[in-house]
Amino acid sequence: MYRVNNLLQTSFCVRSSFASCKRLLSTKNPKHHSNKYEFRKINKLLVANRGEIAIRVFRACTENNIRTVAIYSAEDEGQLHRIKADESFKIGKGLAPIAAYLNIPEIIKVALKNDVDAIHPGYGFLSENGDFAKACEEAGIIFVGPSPDVIYRMGNKLNARQSALDANVPIIPGTTEAVEDLNAVREFVKEHGYPVMLKAARGGGGRGMRVATKESELEEAFQRASSEAKAAVGDGRLFVERLVSQARHIEVQVIGDHYGNVAHLYERDCSVQRRHQKVIEVAPATNLDPKIRERMTADAVRLAKLVGYQNAGTVEFLLDDQGRHYFIEVNCRLQVEHTCSEEITGIDIVQSQIKIAEGARLADLGLEQDQIKIMGAAVQCRMTTEDPGNNFTPDVGRIDVFRSAEGFGIRIDSASAYTDAVISPFYDSLLVKVIAHARNHQEACAKMVRALQEFRIRGVKTNIPFLLNVLQHKQFLEGSITTSFLDENPVLFKFIPAQNRAQKLLSYLSEIMVNGPLTPLGTDIKPMDIKPELPHVKKREIPNGWRQVLLKEGPHGFAKAVRRHPQALLMDTTMRDAHQSLLATRVRTRDLKKSAPFVAKNFSQFFSLENWGGATFDVALRFLHECPWERLSELRELIPNIPFQMLLRGANAVGYSNYPDNVIDAFCQMAVDHGMDIFRVFDSLNYLPNMKVGIDAVGKANGVISAAVCYTGDVADGTRTKYNLDYYINFVDELVKMGIHILSIKDMAGLLKPRATKMLIDAIRQKHPDLPIHLHTHDTAGTGVANYLAAFEAGADIVDVAVDSMSGMTSQPTMGGVVAALQNTKHDTGLNMDKVNEYSAFWEQTRLLYAPFECTTTMKSGNADVYKNEIPGGQYTNLQFQAFSLGLGSQFENVKKSYIEANQLLGDIIKVTPSSKVVGDLAQFMVQNNLTAKDVRERAEELSFPSSVVEFMQGQLGQPHGGFPEPLRTQMLKGKKKIEGRPGADAIPLDFDKIEKKLQEKFGEDIIRKCDVMSYVMFPKVLEEYIDFKKQYGPVDLYPTRVFFVGPRLNEMMDIEIEHGKVLHIVVMAIGELMPATGEREVFFQVNGQLRSMKVKDKAALKDHKVHPKADKNKKNQIGAPMPGQVLDIKTKVGDTIKKGDTIIVLSAMKMETVVKSAVGGKVKEIHVQIGQQVQGDDLVVELE
């Protein structure tokens, strides 16, 4: 009667004998239909399918009072189709997921056991299997579809082609028999040439189809098509046809009864296809000549009548650009896109199928041809769980959020589309069918676009961005597309990725709640639960300030105006150096912006604000996950009246490397474009050639050049001759020759004393009376205010202060102290002390948010020993903190002593980042290894010094005043190359366009901006990690500071404004117990009143949980899985030498096979997977040497 063939993965599929097929092929005239057909009422119907189509049939049954039965595999236990049915039964024990739905004997057994009257096959699986229809017939069960004879004849593509010839329907040249080997395909190619289409002989819903355009593609195409066909329908045989390009794919919906009557429900255009699978279908076909429509529908009906077609089916054609149509195949089943025909005709095709199966005539159902009319236009989109940004690789996992579209003219057919649904890799990637119906094609497209934009799906990727691109493309809207439409329009594959802000933000909170802070905290002290506030300021309340002078007069005029100004000018460092010295540079843009309008309104007299550059640049990216360029432009928007100042490390910009000169030029120009005004240009060794690069770059960008002389030593101490008054005066002379606008004295360690301050500034003022002088110091010893008073008396114009609550110790002197000290004098700043106090109160509270980084945890006061150790302010704090965190707090005094020795060993150098780091590294090296200065000199050749020390000795930072200490330099270098002169002088200019292209290829064109390219040039790895973090966790800068660092409390309400007028109301409800099987915990949220949850790997638990290694994307020798799936085949072995582009493994997911090729050549070191193994995206599969 029928037999079971054990195929790939034990896919059960029954086929008719060769003799019966031969008999059907030889049939010239169809069996005449009897006018008598026994009517059989269907009371219970089983759907031999799953998912969306099963539910679609169930609904039709319920509307006709028919009881429904579902079958499901073990993998589908949680699927809705099982629950929607009145009864459901598990099948396929021990079988592969697809094989369960191909097991004819078991399906028949379930039907008989449960008194089923009829079986509907849906589409796919056994829907076009004649043996299944025959098995139903022999078991006395109604098969809702064509008769077995018709399926044998038309379900097989070769038989169908012969029938088309018999019906005088034009066909495409192709093989007359199914082929099972490659040689038969090559014989066809010899006669007809390339390109050719390989198709599953028994259908496959787009699977089992491959195109070969040349000989080199043929073998791979044959293997993949045959393998997919076997997996999909249990038969790997193929047939071959000449490929007709530049054609439209048009299909005619037909329906016939058991009495020889056939009607058509007009046509659908299915030309939008990917991987030979339809993606978007429209009905009726747009811009179709009525005469062509009439010919195609007539051919479809004639063919159906010839073979005695019963029930619903589709006759498919290709229509070329000459208006000639060619028969492709007949689908002896319900099509996925049947919904389009239903919408434009008002006919329920599934209900019609069932009633015809019972014995109804077309006339009884109102399906006579003259009664079927076209009403409007319909568009169907197949929303799939595929990632369009990753070559449409199938995505699997849990749907964390599902919000559907609805509204007039929109129909949704789905099954697995709901929150918490799990998308498995075992079946088709179809998630939702969305159907839009309107008066015409353009209106239907508009409705569809609106509907797709309403969907919110998180947890798995979908093809919505791609669908939207197609639907809004002019060519598609005009209706003039062919099957080459996608290939000819690569713009369709450029996507604006969904922001997914809410989901990403929840992911960040979940990670913190389960695994702790993602930004390393300095101490265990928690941020205070406080919300500092300042009075609201309207933009019109902000007065003009010194920036308006700069914009009007330019840098030179600005400098003259500053010099003419009779009162003392202040620069506020609160937004940069102050928190760098006191709070490890961790203050976020969010909190800086809170105070910005208040500062703009009340301190317009400020000379400038130091708010950018230096360490803030990389810390913003590395630890705060913020873009420093955005910080600059956002602050500029809020503070339009006060000049901004930044710290520029000469030839190093804000980085720590030597860059080509064009990098410094481009950096300074970009900084100006983002709102920077004044550049304090310095070099950590006072090395003039390095400084000239920065000075020239600022000048080209039309910025204010504030060149800095870094101060060390003591000009008032006659015994210290290396850095005496003559040294500084000569250095200033050279700076003036370079065309600077302002001179800055950078006393980074706070070594100036009032007498030295007066001597130094007076000497400079006498020599350069028109040069504005700007003094910067740190208040480590507590003498800062006294130094500033002396500076103003000696002729200084500007000094640096920090607001009171952010001043003192290693920060700058107190703003309020300086303002008060100068009141009622000729240097009176004119600042309102009440406003200073209000400003200070805000930062006093804000500082509590940064308690984990508070320097006062270890540093309780200033210390005058800085005059001996000369440790810069910010470094003093860091060194002390490091000593305490390593349990070496008691040894900090030793570190300070060693710092003095290390400085002398290196030649008594200028100490400011990065040269200060060199001294600090050497000092810590000495303490850790219990070395004295004598030990270092005697054992230099055998010791392994820190890399920063070696690079300094090479000359990577430039040439120190007085030269390098010998023979220590030579001994430390151990033969390494010495650099004489400016380190970056011979560097080849960087190609920014090339770098931008590289980053865009890696992260996407929509992600990478010009400023990101510059950030990458400064800190390559940091920028890449920042982008990856943003992709994973979204705009975390929107979180309040306490929440950002340590997360919220349970049941704490948060309002997060993701954009103007859009607020997320978030509450963390609970954290679930550990799931031992996965090592995960589930975090539950309420977002805008709706329950959401996120699953997070518990890193502590994962230590005991075996996890497959992931491929490191930065290592080209590690090849990862491009998508989740099952390993079907491994094409290489350990020891093989492979070339770039060689196939290494074959993956299968959602019934689609993907060939994984090596991106590089090399020798196979290890294979990390085996055939049959399930892998996740990015799992390491092959490792090369």
Has region 823-833 got any residue that is in a loop (DSSP other than H, G, I, E, B), in contact with a helix residue (DSSP H, G or I) (Cβ under 8 Å, 6 or more places away or on another chain) and within 22 Å of Tyr876 (Cβ to Cβ)? no
Checked against (1) within 24 Å of Ser147 (Cβ to Cβ); (2) in contact (Cβ under 8 Å) with a residue 12 or more places away in the chain; (3) open to solvent by 20 Å² or more (accessible area, probe 1.4 Å), Ala312 satisfies every condition except (3)
Would you check which residues across region 176-207 are open to solvent by less than 30 Å² (accessible area, probe 1.4 Å), part of a loop (DSSP other than H, G, I, E, B) and either assigned by the TED database to the domain that holds Leu303 or charged (D, E, K, R) (or both) and list them? Arg207
Which fully enclosed helices (runs of 4 or more DSSP H) of region 540-653 have 3 or more residues being modelled with pLDDT of 95 or more? 546-564, 589-602, 628-638
Region 557-585 - residue that is of a type in the set (Lys, Arg) and surrounded by fewer than 24 Cβ atoms within 10 Å (Cβ to Cβ) and, of those, farthest from Ile678 (Cα to Cα): Arg564
Could you please find all residues in region 658-681 being more than 17 Å from Asp991 (Cα to Cα) and part of a loop (DSSP other than H, G, I, E, B)? His674, Gly675, Met676, Asp677
Residues within region 118-172 that are in a loop (DSSP other than H, G, I, E, B), among the small types (Gly, Ala, Ser) and crowded, with 24+ Cβ neighbours inside 10 Å, tallied: 4
Index of the failed condition, Val693 passing every other in (1) more than 30 Å from Ala864 (Cα to Cα); (2) part of a loop (DSSP other than H, G, I, E, B): (2)
Flag if Tyr1039 is in contact with a His (Cβ under 9 Å, 6 or more places away or on another chain), farther than 29 Å from Pro914 by Cα and of a type in the set (Ser, Thr, Tyr): no
From the residues in region 1122-1142 that are modelled with pLDDT of 85 or more and open to solvent by less than 30 Å² (accessible area, probe 1.4 Å), which one is farthest from Phe1003 (Cα to Cα)? Thr1132
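Considering region 220-243 alone, what residues qualify as being hydrophobic (A, V, I, L, M, F, W, C) and surrounded by fewer than 20 Cβ atoms within 10 Å (Cβ to Cβ)?
Residue satisfying the conditions is Leu243 alone.
Which of the residues belonging to region 749-777 are outside any helix (DSSP H, G or I), open to solvent by 10 Å² or more (accessible area, probe 1.4 Å) and under 21 Å from Lys868 (Cβ atoms)?
If the condition is that a residue be outside any helix (DSSP H, G or I), open to solvent by 10 Å² or more (accessible area, probe 1.4 Å) and under 21 Å from Lys868 (Cβ atoms), then Lys753 is the only one that fits.
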Could you run through region 199-241 and say how many residues are touching a Phe, Trp or Tyr at 6+ places or on another chain (Cβ under 6 Å) and modelled with pLDDT under 85? 1
Among the residues in region 785-806, are any more than 48 Å from the chain's Cα centre (by Cα), closer than 14 Å to Asp747 by Cβ, touching a residue at least 24 places away in the same chain (Cβ under 8 Å) and not in a helix (DSSP H, G or I)? yes
So, first residue without any contact (Cβ under 8 Å) to a residue 40 or more places away in the chain in region 1166-1185, second residue β-branched (Val, Ile, Thr) and open to solvent by 10 Å² or more (accessible area, probe 1.4 Å), Cβ within less than 9 Å, six or more apart or across chains; the pairs are Glu1166/Val1134; Ile1167/Ile1130; Ile1167/Thr1132; Ile1167/Val1134
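Restricting to region 1073-1107, what's the tally of residues that are in contact with an Asp or Glu (Cβ under 8 Å, 6 or more places away or on another chain) and open to solvent by less than 50 Å² (accessible area, probe 1.4 Å)?
7
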Kindly evaluate Gly975 against the criterion of being part of a loop (DSSP other than H, G, I, E, B), on the phi > 0 side of the Ramachandran plot and in contact with a Lys or Arg (Cβ under 7 Å, 6 or more places away or on another chain). no
Pick from region 403-431 the residues that are among the β-branched types (Val, Ile, Thr) and touching a residue at least 60 places away in the same chain (Cβ under 8 Å): which of them is most open to solvent (accessible area, probe 1.4 Å)? Val422
Taking the condition in contact (Cβ under 8 Å) with a residue 40 or more places away in the chain, closer than 30 Å to Ala987 by Cβ and crowded, with 18+ Cβ neighbours inside 10 Å, does Glu630 pass? no
Can you tell me which residue is farthest from Lys84 (Cα to Cα) among those in region 437-450 that are touching a Leu at 6+ places or on another chain (Cβ under 9 Å) and surrounded by 23 or more Cβ atoms within 10 Å (Cβ to Cβ)? His441
How many residues are touching a Gly at 6+ places or on another chain (Cβ under 8 Å), within 20 Å of Val396 (Cα to Cα) and open to solvent by 60 Å² or more (accessible area, probe 1.4 Å) if we restrict to region 1164-1185? 2
Evaluation of Leu685 against (1) over 30 Å from Thr519 (Cβ atoms); (2) open to solvent by 10 Å² or more (accessible area, probe 1.4 Å); (3) of a type in the set (A, V, I, L, M); (4) in contact with a Pro (Cβ under 6 Å, 6 or more places away or on another chain) (one fails), failing number: (2)
Consider region 343-386. How many of its residues are acidic (Asp, Glu), out of contact with any Phe, Trp or Tyr (no Cβ under 8 Å at 6 or more places or on another chain) and crowded, with 23+ Cβ neighbours inside 10 Å? 1
Return yes when Ala167 is touching a residue at least 40 places away in the same chain (Cβ under 8 Å) and more than 20 Å from Arg40 (Cβ to Cβ) and no when it is not. yes
Restricting attention to region 276-295, does a residue exist that is modelled with pLDDT under 95, within 24 Å of Val47 (Cα to Cα) and hydrophobic (A, V, I, L, M, F, W, C)? no
Among (1) within 20 Å of Ala615 (Cβ to Cβ); (2) buried (at least 21 other Cβ atoms within 10 Å of the Cβ), where does Asp921 come up short? (2)
Could you run through region 590-607 and say how many residues are open to solvent by 10 Å² or more (accessible area, probe 1.4 Å) and under 19 Å from Gln845 (Cβ atoms)? 5
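The values are calculated or read from the model by the stated rules, or taken from the named source; none is laboratory data. In this text, all values refer to a predicted model and were calculated from it rather than measured experimentally. For neighbour counting, all protein chains shown are included, and Cβ atoms are generated from backbone atoms with ideal geometry for every residue, glycine included. What goes into the accessible areas is simple: the full protein's heavy atoms, side chains included, and nothing from ligands, DNA or RNA. Shrake-Rupley method; radii C 1.70, N 1.55, O 1.52, S 1.80 Å.
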